Amino acid sequence: MATRTRRSQRRTEALSRERIVEAAIELLDAAGESGLTFRALTERLATGPGAIYWHVANKGELLGAATDAVVAAALAIEPAEAAGLAESAEAAEAPKAAGPAESAGPAESAGPAEAAGPAEAIEPAESAGSPQDGIRAVALGLFDAIEEHPWLASQLMTQLSHSLWETVAPRIFESVGRQIRALGVPESSWFAATSALMHYILGAAGQNATNAASARTLGPEVDRARFLDAASTAWEQLDPDDYPFTRAVAGQLRGHDDREQFLAGVDLILSGITASLPAR
């Protein structure tokens, strides 16, 4: 009996909870939530179900652990790294932004719609490592994680709707809230400001992931540029009396970059928050 016990302990130590969660994430990435079964997990880990149940009670707990692990990694991105990623994406997309969006017509040549770039949304000078940079780092980390793991968006919504006391919601709220506090927002507005940013980040990132998933179902022959061009053309052909604004920004739809647009939204919210701060 002693020998069998020692062997069981060695197998339990080798098959850690972290390795089980890692394998679960791999299955979720490959086949979605329906592909995460304990049978598939035991095959991937080359073990028996008993060894897995030693660490994880059920699929719900496993999904929660996988979600928490991905979110924790996403929130670990440094502000300087996020700024570099944003600048790289902006530079890579610069030729696109100068193309179709410029030829959309005179109705688009002026107005708030032009201030869509992340660098233009917040006017005051910011120092490196500012609270704004910290919030952008959180936003970009979650945006990229949700894009990389298509199952994550629905799991986040489930966690935020049914399990606010679990670790995921406090992790995200704390990461954004610390930066809101550092901005000098009055304590009475901490919850509202943090919630506004959190809802925008998760909603916009989730919508982007849904769009990407839908685009994949259209087949390899339909790329993003062709899809946006078709949508933009359809907008341009709308009734001018019923849809004057939509027609005016149709060209911007054709040339926009999802990541850049996402950051612009974050900066617009930050602009509103900083504009409402009491005078120092």
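The values are calculated or read from the model by the stated rules, or taken from the named source; none is laboratory data. Because the structure is predicted, anything quoted here is derived from the model rather than measured. We place every Cβ from the backbone using ideal geometry, glycine too, and count neighbours over all the protein chains shown. With ligands, DNA and RNA removed, areas are computed over all heavy atoms of the protein, side chains included. Shrake-Rupley method; radii C 1.70, N 1.55, O 1.52, S 1.80 Å.
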Quiz item: Taking the stretch 13-44 as the search range and keeping residues that are more than 15 Å from LEU62 (Cα to Cα) and loosely packed, with under 13 Cβ neighbours inside 10 Å, which one is modelled with the lowest pLDDT?
Solution: GLU13
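Select from the stretch 234-280 the residues that are within 30 Å of SER130 (Cα to Cα) and of a type in the set (Gly, Ala, Ser) and list them in ascending order.
Filtering the stretch 234-280 down to residues within 30 Å of SER130 (Cα to Cα) leaves 256-280.
Once the filter is applied, which keeps residues that are within 30 Å of SER130 (Cα to Cα) and of a type in the set (Gly, Ala, Ser), the stretch 234-280 yields ALA264, GLY265, SER271, GLY272, ALA275, SER276, ALA279.
From VAL222, VAL249, which residue is modelled with pLDDT under 95 and open to solvent by less than 30 Å² (accessible area, probe 1.4 Å)? Spell out how you get there, then give the answer.
Details: VAL222 fails: open to solvent by less than 30 Å² (accessible area, probe 1.4 Å).
Among VAL222, VAL249, only VAL249 is modelled with pLDDT under 95 and open to solvent by less than 30 Å² (accessible area, probe 1.4 Å).
For ALA204, state whether it is at pLDDT 80 or above, among the hydrophobic types (A, V, I, L, M, F, W, C) and out of contact with any helix residue (DSSP H, G or I) (no Cβ under 8 Å at 6 or more places or on another chain).
Numbers: at pLDDT 80 or above: yes; among the hydrophobic types (A, V, I, L, M, F, W, C): yes; out of contact with any helix residue (DSSP H, G or I) (no Cβ under 8 Å at 6 or more places or on another chain): no.
No; evaluated as a whole, the condition is false for this residue.
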Practice problem: Give the residues of the stretch 66-81 that are farther than 14 Å from VAL138 by Cβ and open to solvent by 20 Å² or more (accessible area, probe 1.4 Å), sorted by residue number. | Solution: ASP68, ALA69
Quiz item: Restricting the search to the stretch 258-280, which residues are open to solvent by less than 50 Å² (accessible area, probe 1.4 Å) and either of a type outside the set (Val, Ile, Thr) or farther than 18 Å from GLN179 by Cβ (or both)?
Solution: ASP258, ARG259, GLU260, PHE262, LEU263, ALA264, GLY265, ASP267, LEU270, SER271, GLY272, LEU277
Exercise. Sort through THR210, THR217, THR233 and tell me the only one that's at pLDDT 90 or above, of a type in the set (Ser, Thr, Tyr) and either in contact with a Leu (Cβ under 6 Å, 6 or more places away or on another chain) or on the phi < 0 side of the Ramachandran plot (or both).
Key: THR233
Practice problem: Give the residues of the stretch 225-280 that are over 27 Å from ALA213 (Cβ atoms) and within 22 Å of the chain's Cα centre (by Cα), sorted by residue number. | Solution: LEU270, SER271, GLY272, ILE273
Exercise. Can you give me the number of residues within the stretch 36-81 that are out of contact with any Ser or Thr (no Cβ under 9 Å at 6 or more places or on another chain) and not in a helix (DSSP H, G or I)?
Key: 10
Self-check item: Subset of the stretch 158-209 [of a type outside the set (Ser, Thr, Tyr), in contact with a Gly (Cβ under 8 Å, 6 or more places away or on another chain) and open to solvent by 40 Å² or more (accessible area, probe 1.4 Å)]
Solution: GLU166, ARG178, GLN179, ALA182, TRP190
